[in-house]
1. List the lysines whose Cα sits under 23 Å from the Cα of Lys91, skipping any in the same chain fewer than 8 residues away.
2. Positive end of the charge dipole of the chain (Lys, Arg +1 and Asp, Glu -1 on Cβ, about the Cα centre): tell me which of Thr5, Ala329, His132 has its Cα farthest that way.
3. Assign unit charges at the C-beta atoms only (+1 for Lys and Arg, -1 for Asp and Glu), then state the dipole size of the chain relative to its Cα centre in Debye, rounded to the nearest 20.
4. Find, to one decimal place in angstroms, the Kirkwood hydrodynamic radius of segment 146-348, where the mean of 1/r is taken over every pair of different Cα atoms and then inverted.
5. Using a 10 angstrom Cβ neighbour count of at most 14 plus a DSSP loop assignment to flag exposed GluC sites (Glu not before Pro), which longest range of the chain is free of such sites?
6. Rounded, prolate or oblate: which one fits the chain, using the alpha carbon gyration tensor with axes a ≥ b ≥ c (rounded when a/c is under 1.5, else prolate when a/b beats b/c, else oblate)?
7. Give me the extension gain from Leu171 to Ala22: residue separation times 0.36 nm, minus the current Cα-Cα distance, reported in nm with one decimal.
8. Roughly what would the spin-label model give for Ala331 and Arg280, points 7 Å off Cα along C-beta, in nm?
Amino acid sequence: MSVFTHVEFDHHEQVVFGHDKATGLKAIIAIHNSNLGPALGGCRMWPYLNDEQALRDVLRLSRGMTYKSALANLPLGGGKAVIIGDPHRDKSEALFQAMGDFVDSLGGRYITAADSGTGVTEMRIMAERSRHVAGAGTREALGGGVRDGNPSPSTAYGTFVGMRVAVQHRLGRTDLNGLRVAIQGVGQVGFSLAQYLKDAGAQLWVCDIHDANARRAAEQLGATVVGQNEIYGLDVDVFAPCAMGGIVNPQTLEALRAPIIAGAANNQLADAGLAEQLRRSGILYAPDYAINAGGIIDVWYERSGGSEAALRQHIEGIGETLREVFVRADAEGRTTTSVADRLAEERFGR
Ligand code: NAD
């Protein structure tokens with residue numbers, strides 16, 4: 001297993017392997033780039049089949065964080081941690097204490113946060129051992145109470161703001177009253193996004209593999225529930241993927257009728273080449289890592305202690321970034337993803 005010749009290696013600054021015999025911890029932390037600040041990124045726990053899979057994931061994801069934070073105008077670099085293990089079977093307090101020690105050993109060059117397989121509980125355990133843990137839900141919310149560390153509402157708000165800009169750019173309308181939106185997945189982010197849209201007067205169609213979530217959107221927001229495969233072919237203005245990745249692929253593209261794709265799911269394009277196909281078809285794609293950055297902005301404010309008003313204003317900056325991406329993509333005849341990548345690189349000084 002090589003690092004420097006690995007296909008996902010992209011001049012990462014530091015890749016560290018951590019092991020603790022007593023707890024069975026096997027983890028990797030990768031710092032991709034720290035030009036803008038310490039590398040912040042989630043700690044993923046996953047039953048990787050081998051070390052190679054874990055290395056590939058941590059190299060790829062840490063790079064993605066550099067781009068995401070730079071686009072979100074955060075004073076942060078990109079990093080990520082992976083723990084090799086089954087989150088349903090292998091979790092223990094001691095394991096996350098050991099992981100906290102591992103994070104701490106980097107002296108703040110890497111700041112960890114929750115990701116697939118970890119959550120606020122694990123962040124709190126790690127925070128006992130290191131200051132370099134974000135999203136442990138310890139910040140006092142403005143106006144009283146304690147923030148619970150869940151960034152989903154901020155992700156939803158950023159997605160709403162980004163969608164508004166996409167609608168203005170592609171459809172030339174500033175008001176969302178009567179806008180037709182199809183949301184795939186009404187979980188934490190999707191439901192909250194649906195609430196913002198409903199308040200703005202939009203008409204909603206939703207699907208979810210979890211019936212209770214779809215029902216909640218129907219009962220509380222008056223959304224029309226459709227089948228999982230029906231969601232793509234609806235005659236709507238916006239398709240908002242808020243479930244899983246890879247859902248923009250040759251099969252779904254054939255069915256898709258919406259002129260805008262703007263949603264919170266990570267890694268929406270099944271392969272990068274599809275961005276060009278979307279451009280040629282006149283479908284405006286809001287790059288996922290730009291529009292769903294509300295979560296990381298939230299995590300950063302929780303950590304740095306900024307006010308709720310400043311957090312909201314920062315999240316609204318997602319709209320400005322997307323506007324710049326859309327305008328440049330049109331002017332240069334390029335895809336929104338390549339423009340977003342370039343903009344991120346300008347910001348982090350590649
Ligand atoms: P969630 O698990 O709360 O919600 C996802 C919902 O999608 C669930 O209700 C689930 O039942 C549904 N779903 C899963 N597969 C589906 C399918 N094939 N068709 C229809 N529905 C399906 O997750 P979330 O926190 O709301 O995150 C949603 C997406 O946004 C994920 O891709 C996540 O990576 C991304 N994201 C989330 C955040 C955040 O702050 N939570 C931040 C950035 C990106």
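Here, each number is a calculation from the coordinates, and none is a lab measurement. Remember, it's a predicted structure, so these values are computed and weren't measured experimentally. No Cβ is skipped: glycine too gets one built from the backbone with ideal geometry, and neighbour counts run over all protein chains shown.
1. Excluding near neighbours in sequence, the set is Lys21, Lys26, Lys80.
2. Value: Ala329.
3. On the way: 34 positive and 40 negative charges, 69 e Å.
Once rounded to the nearest 20, the dipole reads 340 debye.
4. Working: mean 1/r = 0.0592 Å⁻¹.
Computed over Cα pairs of segment 146-348, the Kirkwood hydrodynamic radius comes out at 16.9 Å.
5. Numbers: sites that count: Glu128, Glu230.
Between the exposed loop sites, the longest stretch runs 1-127.
6. Numbers: a/c = 1.64, a/b = 1.47, b/c = 1.12.
Here the chain falls in the prolate category.
7. On the way: separation 149, 0.36 × 149 = 53.64 nm, distance 5.88 nm.
In short, 47.8 nm is gained.
8. Calculated label separation equals 2.6 nm.
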